[in-house]
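Structure record follows, encoded as structure tokens.
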Amino acid sequence: MNASNAMQTAIRGRWAVAAIFLANGFLTGSWAPQIPVFLTRLDISKFTLGLLILLFGAGAVTAMTWCGHLISKHGSRTVLRWFGLCGSLGLLVVALAPDVPLAAVAMFVFGGSIGGMDVAMNANAVVVERRLGRAIMSSSHGFWSLGGFAGGALGGFAIQNYGHLAHALVVTALAFAAIAAAVPHIVAENRPQAAEHHKLTLPANPLVYLIGLMALLTMISEGAVLDWAALYLRQELGADLAVAGLAYAAFSGVMAIMRFFGDGVRNRFGAVMTLRGSAVVAAAGMLIAGLSPSPWLAIAAFALCGFGIANMVPIIFSAGGNQEGMSSGTGMSVVTTMGYSGILVAPSAIGFVAEHFSFGPIFIAMSGLLVLVLLMAGLAHRAEFAPDAAPAE
């Protein structure tokens, strides 16, 4: 394949993986407005709902743990194809579950398909970055944020007017169509997979776990804003419900916008410098939020935090997928599993602490975690680019 054709293939692969990020975000965002119906339809308590949602997380972490092994053996293109097509059916399976036992199985499967899809699409984005010799990870995550926003914004209207099952059918059809259209254009790794990865083993390189720790610290902070910012504004800063809801909206909205600009910033200033600057901004935003005397200042501070965090996770994921001596899938599996564990663990841990302390000190502590990421930013040097050679076909 000549250089021109190789570049065209890489560009098509770039938009294919973007479509899959969009579909994954759309599926995840579409689940949120299904939750109230899920609760009443199965006639369950909030505690039981919490356990079922925990099963979603358990399925995601289980699949993430295995996905690196599968990618090492079969390549990210094959794994992404199957997890993507199966993942598009996950929400429909949950919507069809008639009772709690089947709902438990459905939630575990849905979480597993979304989690495995997440690792595979991030690993494939690393492959595309190598082909193109430039960053695409931040904008790929921007497409995920855009899909999540669309799924959450449209879901409530669709469920109210057409019912939860019709909504799930339409979401499934749209996601399946987008993924099926993208699948033929997904790019594959150039080099054959190493035979040593054919058995499930943990990487020996300690650096990948330090990268995973950076992802964990960053995503704990993201989870804290997601789950507790509105309650902080409502209970401690005296905001009404409408204003309290703006905390995460400001955070996520600015994050989505910045992710589309992040690749250009990273290509210009480098991954490590961009990560350092982003961590400073995110830590400052979280500190101001924790010290804020008014809800509107806190909302602006959470928006500033979203501005910083927006490109931290994509850079850390790129670093994890580019570790020397291991496939992109193996490194990505470790980093994503550790990172997303932060979002799963943070809500319950923060809730326990908040029973004994106010939320302000918690957000100040989150600022400290982001400072640790700043100090570790040099470890992300593997996210800098050395383009792959053109693929031989």
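Ordering 229-239, 75-85 by mean Cβ neighbour count within 10 Å, with the highest value first, yields 75-85, 229-239. In this structure the range 221-361 gives 38 Å² per residue of accessible area when probed at 1.4 Å with all protein chains present. Using just the C-alpha positions of the range 272-364 as equal point scatterers, what log10 of I(q)/I(0) does the Debye formula give at each q in 0.15, 0.21, 0.24 1/Å? Values returned for q = 0.15, 0.21, 0.24 Å⁻¹ are -0.72, -1.07, -1.16. Ranked by the mean number of other Cβ atoms within 10 Å of their residues, highest first, the peptides 106-117, 144-155, 49-60 fall in the order 106-117, 144-155, 49-60.
Given N residues in the range 213-253, what is its alpha carbon radius of gyration divided by 2.2 N^0.38 Å?
Dividing the Cα Rg of the range 213-253 by 2.2 N^0.38 Å gives 1.26.
Surface exposure of the range 1-136, expressed per residue as accessible area with a 1.4 Å probe, stands at 38 Å².
Computed in the context of the full set of protein chains, the accessible area of the chain at 1.4 Å probe radius has 71% of its extent on carbon or sulfur.
The radius of gyration of the Cα set in the chain, together with its Dmax, comes out at 20.3, 64 angstrom.
Treating only the Cα positions of the range 72-196 as identical point scatterers, give the base-10 log of I(q)/I(0) from the Debye formula at each q in 0.12, 0.19, 0.23 Å⁻¹. With no solvent term, the Cα-only Debye profile gives -0.53, -1.12, -1.41. Based on DSSP H segments of at least four residues, each scored -39500 (n - 2.57), the chain has a per-residue ellipticity at 222 nm of -27000 deg cm²/dmol.
The values are calculated or read from the model by the stated rules, or taken from the named source; none is laboratory data. Note that the structure is predicted; figures quoted are calculated from it, not measured. Neighbour counts run over all protein chains shown; Cβ positions are idealised from the backbone, glycine included. Accessible surface areas use protein heavy atoms only, side chains included; no ligands, DNA or RNA. Shrake-Rupley method; radii C 1.70, N 1.55, O 1.52, S 1.80 Å.
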